[in-house]
Each structure stands twice: as structure tokens, then as C-alpha cells.
Amino acid sequence: MKIDRDAPIGVFDSGVGGLTVAREIMRNLPSEKIVYFGDTARVPYGSKSRDTVIRYSRQIIHFLKEQQVKAIVIACNTASAFALDAVQHEQDIPVLGVIGAGAKVAAEETVNKRVGVIGTVGTVGSGIHEAYLKKLDPEITVIGKACPLFVPLVEEGWLHDPVTVEVANRYLQELKDKDVDTLILGCTHYPLIRSTIREVMGEKVRLVNPAYETALELKNLLQKTNMLSTGQQEEEFPYRFYVSDLADEFKEFANSILPYDVEMTKKIDIEKY
């Protein structure tokens with residue numbers, strides 16, 4: 001199968017969180033086009049079963065492949081945890097998750113071998129980060145902490161609010177008590193409150209942003225397979241956004257965090273796929 005180097009990259013998430021991954025791809029791979037899908041009708045994934053998340057992921061991948069993408073990034077930790085293995089071998093194009101790249105950096109960075117992971121109930125409960133980290137270094141102790149209130153706070157736009165600081169203090173105290181020196185932001189919403197997390201954890205703790213690490217992993221993959229865009233396309237909309245619901249709300253949020261003005265957000269019926 002001949003793949004067009006100037007084809008877009010597909011990125012999907014349960015909602016708006018994956019925009020932090022899209023943002024890092026825009027910054028680090030500026031000549032690449034992106035087709036983004038946010039499953040805003042069925043968010044959140046963190047409380048859904050593995051089978052349901054796999055079914056949703058297959059539908060979205062089907063949709064993205066109709067958009068002729070050359071690679072797919074699952075920009076959602078829960079879907080990466082539950083569905084990556086299931087869908088990866090079904091596809092004839094590369095599919096990346098957001099967990100491996102962050103785990104790799106955390107394993108390299110930790111000095112005292114105590115790594116914290118914060119994420120949704122589903123992601124933390126899956127133990128996926130721990131499995132990755134233990135494979136890289138069996139001596140690492142992984143302390144997971146579900147922080148379910150972070151996502152609604154981010155979506156409410158309360159990024160620097162006293163309420164968010166108070167919630168972060170409560171959630172993260174346990175990780176401070178257990179002396180982690182490296183913390184993986186295991187949910188794609190969390191980079192948006194990175195400064196609050198940094199304030200609570202202190203300067204000495206290394207924060208790992210998997211969105212950034214995943215963009216670098218994608219760049220390496222495209223370089224290795226000779227699939228980097230030639231950058232010659234003069235397209236009116238290099239970044240296209242699709243959602244399963246609430247297109248206007250999505251667009252407003254996207255415009256608040258992306259370095260690019262989102263012109264087009266289109267609602268589609270994902271259940272058809």
C-alpha cells in the first residue's frame with residue numbers, strides 16, 4: 001500500500017484533552033496536517049469498560065482512515081491503555097498511544113526510582129504505566145493516584161483557580177508523602193494545569209508531559225519510515241476538527257489552547273462507523 005507523505009496525521013481523544021497532543025504535534029511538526037476527532041458525545045472514557053473503549057476506538061479509526069490519514073495517534077490515556085494493543089495489529093498504518101513515550105522518559109529521569117502517575121480512574125486502575133515502567137526498569141516503584149476532578153476543572157477553564165489548587169493539594173499530598181521524584185501527567189488534560197501541579201509538587205519533582213514526548217516519538221517514526229511531510233501542500237485548512245457532539249463548545253475550548261485559529265469543527269455521527 002502506497003502512503004502519501006503529505007497525507008494528514010489522525011489524532012483522536014474522548015474529548016478535548018487530546019488537543020494538548022495536537023498542540024505538541026503542531027509545534028514540533030509544523031509542516032504536518034492533522035485530522036482531529038474528539039468523541040464529545042461519549043466522553044468520559046475513564047469510567048467505561050475495556051470492551052466499550054475498544055469498540056469506540058475502532059469506530060473512530062475507521063472514520064480517520066476514510067480521511068486518508070497516514071498514521072494515527074491515540075491521544076487519550078484510557079484508550080491507549082485499553083485499546084492500543086487490540087487495534088494496532090489490525091491496521092496497515094502506524095498507530096501510536098500516549099503511554100509508552102512518557103514511561104520511557106520517566107524511567108530515564110527518575111533517580112530514587114519512585115515514579116508517580118496521575119490519571120483517570122480507568123487509566124490508573126489499568127496499571128498500564130506500571131507495566132511499561134517495570135518492563136523498562138524492574139526496580140522502579142510506581143505510585144498511582146486517580147485525580148478524577150482535574151478533567152472537569154480543566155474543561156471549566158479553571159486552570160489557575162484557588163479551587164483547582166486546593167483539589168491538587170489534596171490529590172497530590174499522597175505522592176509527596178511517598179517521595180516520588182518523577183511524576184507522569186497520565187491524562188491529556190493535565191498539561192493544561194501543569195503550573196498548578198508544579199506549584200504543589202515543588203521544583204525538585206520532574207513532571208513528564210506525555211503529549212510532548214508522543215509528538216517527538218511520532219516525529220522519529222515518520223523520519224525513520226520516510227513519511228515526513230514535504231511541507232508543500234498549500235491547503236486552506238491544514239488542521240481539521242471533527243466531534244461527535246457540541247461542536248461550538250469544542251471550538252471555543254480549542255481556540256483557547258491552540259496556537260492556531262480553529263475555523264472548522266464539524267459534527268459527525270460516529271455510530272455509523
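Here are some notes:
- For the residues 225, 182, 196, 188, the requirement of being of a type in the set (Ser, Thr, Tyr) and not assigned by TED's automatic domain parsing to the domain that holds residue 111 singles out 225.
- Count of residues meeting criterion [open to solvent by 10 Å² or more (accessible area, probe 1.4 Å), of a type in the set (A, V, I, L, M, F, W, C), more than 30 Å from residue 172 (Cβ to Cβ) and in a helix (DSSP H, G or I)] in segment 190-239: 1
- Residues considered: 103, 22. Of these, the only one that is more than 25 Å from residue 249 (Cα to Cα), open to solvent by less than 10 Å² (accessible area, probe 1.4 Å) and within 14 Å of the chain's Cα centre (by Cα) is 103.
- Output for segment 147-174, where each listed residue is of a type in the set (S, T, N, Q) and open to solvent by 50 Å² or more (accessible area, probe 1.4 Å): 169, 173
- The helices (runs of 4 or more DSSP H) found entirely in segment 1-104 include none that carry 2 or more residues being among the β-branched types (Val, Ile, Thr) and free of Cβ contacts under 8 Å to residues at least 12 places away in the same chain.
- Any hit, segment 214-221, residues being free of Cβ contacts under 8 Å to residues at least 12 places away in the same chain and of a type in the set (Lys, Arg): no
- For residue 91: the one exception among (1) of a type outside the set (Ser, Thr, Tyr); (2) surrounded by fewer than 16 Cβ atoms within 10 Å (Cβ to Cβ); (3) in the same structural domain as residue 191 (by TED's automatic domain parsing): (3)
- Residue within segment 245-257 that is exposed (fewer than 12 other Cβ atoms within 10 Å of the Cβ) and touching a residue at least 24 places away in the same chain (Cβ under 8 Å) present: no
- Condition met for residue 124 (of a type outside the set (Phe, Trp, Tyr) and touching a residue at least 60 places away in the same chain (Cβ under 8 Å)): yes
- Residues (surrounded by fewer than 20 Cβ atoms within 10 Å (Cβ to Cβ) and part of a helix (DSSP H, G or I)) located in segment 108-131: 108, 109, 121, 125, 130, 131
The values are calculated or read from the model by the stated rules, or taken from the named source; none is laboratory data. Keep in mind that this is a model prediction, so the values were computed, not measured. Note that we place each Cβ from the backbone using ideal geometry, even for glycine, and neighbour counts take in every protein chain shown. Just the protein is used for accessible areas: all its heavy atoms, side chains included, with ligands, DNA and RNA removed. Shrake-Rupley method; radii C 1.70, N 1.55, O 1.52, S 1.80 Å.
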